[in-house]
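Quick notes on the structure that follows.
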């Protein structure tokens, strides 16, 4: 079959890898350099730590990295997961957490050496797992632990009152102040408000820029495919308060816009546009390559677009757009309190994936259907993810809504970070059958 | 009397529909999660009723809720999808676990569209939780007024608080009586009382609780109770068949820590600086669900105190399959009991319980507790 569109590799691959490596290098060198080494979840308020010289070992990407060992070093992987199983943690718990705990219990860091010695844990309890995860970590390691309670907004169509929203803004802002005071007291170190303001500002820019990159995928042909996007979205997950991530996304956006202008496609055979849902099986990203061989481009997912925030709802347009940062709205952050308030508001307003972990129903369906509409989606591939109740919240109702809207939808069961719960062969066979129903034959 | 609670438990929908006939102008709100501030709804004239499952296998929830959510949440949703709660005017929850949250969200899509989502703080240990909740309950008061057309006056709220406090106090008295040796009522009977109570107007429940206290805690037959004293710890539990099975083996379940047991009624609303503040404080300070028990573990000392004060010989930890909050606590909980010389039996529950298999395990556990000679 002849290619419909031209395609070229992205220029920024190496830079993305470099930024990721820098994050892990920072963690490895933190103690030597006298920096704090903090443990916590990525989808909390990692910008809170920017007031200190620190490195942040974020748990979820580490858990995903453990899952990759399944193919690279199966014996080590087996040791890790069995350590968690033997400790008594049930297998239906979050697989990121189980991988992390297994590694911690063995005292083996998968990048070499013992598990890093964390100074304290800083977490945000936006899902049932996260606050308890780091409670367990802090008990195992005997280190201090602070968790913030992030009560999300309900979806925009719920009619949640402005009064309730303001209560939540205040609640989170006060906890941010509480967290900072706690960190100062616990570490005896000075908290640099200027750096905090800078970190928070960078977070807004990073996540808004990433949203713009994702929005560019509305174009036909799509300039990016989801497998590629997952390599880039993780920079926001790992290090969105860093300037280098802002700069990277700015460059990436420029490159993607150039691809759109020149009709450069992620998949030169693009003839069918998919979205996915939930985290993918991290160790099984080949499934995207299978899709591509049918001329399918997976455009992303609500998860991929918005895990770290960055989208705001327009009630006039009834859609979500890349969020305007406080700077873009003419708001200057001068004090710690300004930054705290802005961070709380940003998380509440733009953090739609974390919101979707608590609230699904009509609001989450609207969010996904908005993506279907704006990204010109032809079909959906839904990962029924046993490893994460949060991202699975409302999935079956979303499937019903997609089918009702005439969007062919396929589900497959799996686990984002436990390969023992994913049957690749069977999933690929299901994809093959699904493609038949769409009238698509393999191209290569 | 206990049989009245059993009657309500077994005929919960008939009770609610009869209540509706008696009070045609009032509303019925189904709730999921024991953190729902029932006093507020009752003050607004509505009857809050706990939505429970039916312990029957079902196949109606598969299109709406992924199979890895806990069996209780799926059983709850099934009741709605099967039309058994068609008399509800609204549903409510209070920032529950994600499993019940999933059931709740699907329920609002497919069963009862009107809902109240009470944002109950998750980190109850932060000093900011109370002021937040006070504000949220003020807002809930306004939402209820919009819904019912009735302003909740201080008198309404005070009366509601008093009624619920009386209910809690009476249940507490019954539980206190279970410290006695022998225990005056079985765990099964206590479960009928506590779960029946969840389904009733407290105006109806309180007189019955008083009768239980006056007439059934000191009945002659109650003196002949069995020696091995057990505690049940877990998430939601209304598994009567399991309780009956355990207690057929010369054992009695004398106390519990679970959502529909003691955690529901343990502490009172203490009046002080304002009615809404008092209600908010009660929910922030109540015996905590594992989902909310961080960063410090407050639940473990509370559960140990129950075990010690009720003179328990062993603990059965019941675990709804896939229940994340309790699974997170499981390791710490079992270790904690062990380190305090309390033997434990850990059982995973589903909608229906494998009574045969559990019977063997329970018997073995009891033998261990009694150090029975095998030969």
Residues in segment A:302-312: is at least one surrounded by fewer than 22 Cβ atoms within 10 Å (Cβ to Cβ) and either within 14 Å of another protein chain (Cβ to nearest Cβ) or out of contact with any helix residue (DSSP H, G or I) (no Cβ under 9 Å at 6 or more places or on another chain) (or both)?
no
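Specify the residue that is surrounded by the most Cβ atoms within 10 Å (Cβ to Cβ); the eligible residues are those in segment B:60-73 that are away from chain A (no Cβ under 11 Å) and assigned to a helix (DSSP H, G or I). Step through it out loud before you land on a result.
Residues of segment B:60-73 away from chain A (no Cβ under 11 Å): B:60, B:71-72.
Adding the requirement that they be assigned to a helix (DSSP H, G or I) leaves B:71-72.
Values: B:71: 21, B:72: 29.
Step by step, filter segment B:60-73, then rank; the result is B:72.
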(1) touching a residue at least 60 places away in the same chain (Cβ under 8 Å); (2) outside any helix (DSSP H, G or I); (3) under 19 Å from the mean Cα position of the chain (by Cα): which one isn't true of residue B:348, the others all being true?
(1)
Hey, which of the helices (runs of 4 or more DSSP H) in segment A:145-243, taking only ones fully inside, have at least 3 residues that are at pLDDT 95 or above, away from chain B (no Cβ under 14 Å) and under 30 Å from residue A:361 (Cβ atoms)?
A:193-216, A:226-239
Can you name the residue in segment B:96-117 that is assigned to a loop (DSSP other than H, G, I, E, B) and more than 10 Å from every other protein chain (Cβ to nearest Cβ) and is also nearest to residue B:283 (Cα to Cα) among such residues?
B:114
Residues of segment B:8-26 being assigned to a helix (DSSP H, G or I) and more than 18 Å from residue B:216 (Cβ to Cβ), which ones?
B:10, B:12, B:13, B:14, B:15, B:16, B:17, B:18, B:19, B:20, B:21, B:22
Residue by residue through segment A:112-144, note down the ones that are assigned to a loop (DSSP other than H, G, I, E, B), closer than 29 Å to residue B:115 by Cβ and out of contact with any strand residue (DSSP E or B) (no Cβ under 7 Å at 6 or more places or on another chain).
A:126, A:127
Among residues of segment A:108-142 being within 11 Å of another protein chain (Cβ to nearest Cβ), out of contact with any helix residue (DSSP H, G or I) (no Cβ under 7 Å at 6 or more places or on another chain) and in contact (Cβ under 8 Å) with a residue 60 or more places away in the chain, the residue surrounded by the most Cβ atoms within 10 Å (Cβ to Cβ) is A:134
For residue B:41, which of the numbered conditions (1) more than 27 Å from residue B:159 (Cβ to Cβ); (2) more than 14 Å from every other protein chain (Cβ to nearest Cβ); (3) buried (at least 21 other Cβ atoms within 10 Å of the Cβ) fails to hold?
(1)
Of the residues that sit in segment B:74-95 and are assigned to a loop (DSSP other than H, G, I, E, B) and free of Cβ contacts under 8 Å to residues at least 40 places away in the same chain, which one is nearest to residue A:382 (Cα to Cα)?
B:82
When segment B:321-341 is examined, which residues are found to be surrounded by fewer than 19 Cβ atoms within 10 Å (Cβ to Cβ) and assigned to a loop (DSSP other than H, G, I, E, B)?
B:321, B:340, B:341
Going by the conditions given, is residue B:273 part of a helix (DSSP H, G or I) and surrounded by fewer than 18 Cβ atoms within 10 Å (Cβ to Cβ)?
no
Which of the numbered conditions does residue B:134 fail, given that it passes all the others? Conditions: (1) surrounded by 21 or more Cβ atoms within 10 Å (Cβ to Cβ); (2) more than 8 Å from every other protein chain (Cβ to nearest Cβ).
(1)
Sole miss for residue B:5 among (1) under 30 Å from residue B:217 (Cα atoms); (2) in a strand (DSSP E or B) is condition (2)
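For (1) within 14 Å of chain B (Cβ to nearest Cβ); (2) assigned to a helix (DSSP H, G or I); (3) touching a residue at least 60 places away in the same chain (Cβ under 8 Å); (4) closer than 20 Å to residue B:324 by Cβ, each residue gets a yes or a no:
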| site | (1), (2), (3), (4) |
| --- | --- |
| A:47 | no, yes, yes, no |
| A:50 | no, yes, yes, no |
| A:61 | no, yes, yes, no |
| A:98 | yes, yes, yes, yes |
| A:104 | yes, yes, no, yes |
Tell me yes or no: at least one residue of segment B:293-304 is part of a helix (DSSP H, G or I), farther than 30 Å from residue B:152 by Cα and within 14 Å of chain A (Cβ to nearest Cβ).
yes
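Has segment B:27-37 got any residue that is touching a strand residue (DSSP E or B) at 6+ places or on another chain (Cβ under 6 Å), assigned to a helix (DSSP H, G or I), surrounded by 24 or more Cβ atoms within 10 Å (Cβ to Cβ) and at pLDDT 95 or above? Before the answer, list the steps.
Within segment B:27-37, the first condition is being touching a strand residue (DSSP E or B) at 6+ places or on another chain (Cβ under 6 Å), and the residues that meet it are B:28-33, B:36.
In the following step, the residues that additionally are assigned to a helix (DSSP H, G or I) were identified as none.
No - not one qualifying residue is present in segment B:27-37.
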For segment A:354-375, name all the residues that are under 17 Å from the mean Cα position of the chain (by Cα), under 17 Å from residue A:276 (Cα atoms) and not in a helix (DSSP H, G or I).
A:357
Out of segment A:381-395, which residues are at the interface with chain B (Cβ under 7 Å from one of its Cβ atoms), surrounded by 23 or more Cβ atoms within 10 Å (Cβ to Cβ) and in contact with a strand residue (DSSP E or B) (Cβ under 9 Å, 6 or more places away or on another chain)?
A:392, A:395
Identify, from the list B:159, B:190, B:129, the residue that is at the interface with another protein chain (Cβ under 10 Å from one of its Cβ atoms) and in contact with a helix residue (DSSP H, G or I) (Cβ under 8 Å, 6 or more places away or on another chain).
B:129
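Being surrounded by 13 or more Cβ atoms within 10 Å (Cβ to Cβ) and either part of a helix (DSSP H, G or I) or within 11 Å of chain B (Cβ to nearest Cβ) (or both) is the filter here; which residues of segment A:70-81 pass it?
Here is the first cut: in segment A:70-81, the ones surrounded by 13 or more Cβ atoms within 10 Å (Cβ to Cβ) are A:70, A:73, A:76-81.
Matches in segment A:70-81: A:70, A:76, A:77, A:78, A:79, A:80, A:81.
So, of the residues in segment B:309-320 that are touching a strand residue (DSSP E or B) at 6+ places or on another chain (Cβ under 7 Å) and either within 13 Å of another protein chain (Cβ to nearest Cβ) or not in a strand (DSSP E or B) (or both), which turns out to be surrounded by the most Cβ atoms within 10 Å (Cβ to Cβ)? Steps first, please.
Going residue by residue through segment B:309-320, those that are touching a strand residue (DSSP E or B) at 6+ places or on another chain (Cβ under 7 Å) are B:310-320.
Then drop every residue that is not either within 13 Å of another protein chain (Cβ to nearest Cβ) or not in a strand (DSSP E or B) (or both), which leaves B:310-313, B:317, B:319-320.
On the way: B:310: 20, B:311: 15, B:312: 22, B:313: 17, B:317: 21, B:319: 20, B:320: 27.
If we take residues in segment B:309-320 being touching a strand residue (DSSP E or B) at 6+ places or on another chain (Cβ under 7 Å) and either within 13 Å of another protein chain (Cβ to nearest Cβ) or not in a strand (DSSP E or B) (or both), then B:320 is surrounded by the most Cβ atoms within 10 Å (Cβ to Cβ).
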Filtered residues of segment B:132-182 (kept if under 30 Å from residue B:227 (Cβ atoms), assigned to a helix (DSSP H, G or I) and without any contact (Cβ under 8 Å) to a residue 60 or more places away in the chain)
B:170, B:173, B:174, B:176, B:177
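The values are calculated or read from the model by the stated rules, or taken from the named source; none is laboratory data. Fair warning: this is a prediction, and the values are worked out from it, not measured in the lab. Glycine also receives a Cβ, built like all others from the backbone with ideal geometry; neighbour counts cover every protein chain displayed.
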